[in-house]
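Worksheet: one structure, shown below.
The values are calculated or read from the model by the stated rules, or taken from the named source; none is laboratory data. No experiment lies behind these values; they were computed from the predicted model shown. Here the Cβ positions follow ideal geometry from the backbone for every residue, glycine too, while neighbour counts run over all protein chains shown.
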Amino acid sequence: MPQAGPQPLFGVGAYVDVKLTRWVQLEGEARWLRYNQYYNIHQDNYLVGPRVPIARVWKATAYAKALGGYSKMNFDSGAGDSGRFTTVAFGGGLDVKLTRRISLRAVDVEYQYWPMWGNTSLSPYGASMGIGYRIF
């Protein structure tokens, strides 16, 4: 069974939230984990799916999400092996509205499941935070 690497990956990402109604929302995210690599192992994620607001207190909104898409991973520095894998992710977080257009994504946690990673599966997880800007 694969083991976790000795050091965490770091990277940059982008997300888009589309609020159609109070309960019908979509989230798309892309993440490029390229910093702090161990033997040139890195991954990119491209996911989309429903986002559900759970509770709103003051200017903070807690949410849950279920996303699907694919991830790309380079996993062998010697041979340059890489692959593209189906990915399902479950997570949630907390957004805090700072101004009419700017929000703080105080925390976003995610558990991913890659059902067909070679002859086994892979279950990476992680956390992120950042700033959001409302366009419309």
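Here are some notes:
- Count of residues meeting criterion [of a type in the set (D, E, K, R) and without any contact (Cβ under 8 Å) to a residue 40 or more places away in the chain] in the stretch 13-29: 3
- Single condition Leu26 does not satisfy, out of (1) in contact with a Pro (Cβ under 7 Å, 6 or more places away or on another chain); (2) crowded, with 18+ Cβ neighbours inside 10 Å: (2)
- Any chance Trp32 is of a type in the set (A, V, I, L, M, F, W, C), closer than 27 Å to Ile135 by Cβ and not in a strand (DSSP E or B): no
- Odd one out for Ala14 among (1) modelled with pLDDT of 85 or more; (2) surrounded by 12 or more Cβ atoms within 10 Å (Cβ to Cβ); (3) not acidic (Asp, Glu): (2)
- Test for Arg22: is it within 21 Å of Tyr113 (Cα to Cα) and either over 16 Å from the mean Cα position of the chain (by Cα) or of a type in the set (Lys, Arg) (or both): no
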